[in-house]
Amino acid sequence: MYYGTEHHKVAGGYFLLGKVFKLMNRLEVTESLYTQVTQMWYNYLRRLLQSRVVFTDMDAILGKQDDENDTNTSNSTKLDLSTEAEAHNTLQTLLAYRHENAQAKQELNKIYHSLTILYFLARDYIQVHDYMNRIKDCTLKEIDDDQQRILKFLEQLGQMKALMKRQQQQN
């Protein structure tokens, strides 16, 4: 097997299996598979967030172009459009499922946090705030740590934008 059983690239297979078992009304199997898919995306997106170099976002704000041939940035730290779309669709479907079966609050928080990271990596900061505010009664330490990291970045981003605006007004 090219990818391991816990790799995000195989999450789609587990997700589809979960859908099949849901149609067969085997909810305990569906629950197990959906929990595994959530964990796979959660782990992958957290690794991307932790390996992400904040300066690349600052470069984008300053108008510097991404260099497609940049050898300093490995593909494992970038989120391509197809992976982003798959993560978005899968996580939104899992979110709807969790809302129907509201017994797993911790899983719901993981999905919200995964979507927060996904939108952060996609630079959709309005959605980041929205999903961060949806996380309730969280007992997972890594969510708190990641949220502090994201909040610090957004604060720096706001300061940078305000500084750029002042400089433009002075010129």
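The values are calculated or read from the model by the stated rules, or taken from the named source; none is laboratory data. Just so you know, these numbers come straight off a predicted model, no measurement behind them. Because the Cβ atoms are built from the backbone with ideal geometry, glycine has one as well, and the counts that use them run over all protein chains shown. These area figures cover heavy atoms from the full protein model, side chains too; ligands, DNA and RNA do not enter into them. Shrake-Rupley method; radii C 1.70, N 1.55, O 1.52, S 1.80 Å.
Before moving on, here are some points about what is shown:
- Residues satisfying the stated conditions in the stretch 134-147, i.e. modelled with pLDDT under 80 and at negative phi: Ile135, Lys136, Cys138, Thr139, Leu140, Lys141, Glu142, Ile143, Asp144, Asp145, Asp146, Gln147
- Which numbered condition Arg98 fails, given (1) more than 21 Å from Arg47 (Cβ to Cβ); (2) outside any helix (DSSP H, G or I); (3) open to solvent by less than 50 Å² (accessible area, probe 1.4 Å): (2)
- Failed condition for Tyr3, given (1) modelled with pLDDT under 90; (2) of a type in the set (Phe, Trp, Tyr); (3) surrounded by 13 or more Cβ atoms within 10 Å (Cβ to Cβ): (3)
- Among the residues of this structure, Leu81 counts as one that is closer than 29 Å to Gln156 by Cα, modelled with pLDDT of 85 or more and exposed (fewer than 10 other Cβ atoms within 10 Å of the Cβ).
- Test: residue in the stretch 148-162 that is within 12 Å of the chain's Cα centre (by Cα), modelled with pLDDT under 85 and either exposed (fewer than 12 other Cβ atoms within 10 Å of the Cβ) or part of a helix (DSSP H, G or I) (or both): yes
- Residue within the stretch 112-123 that is among the polar types (S, T, N, Q) and assigned to a helix (DSSP H, G or I) present: yes
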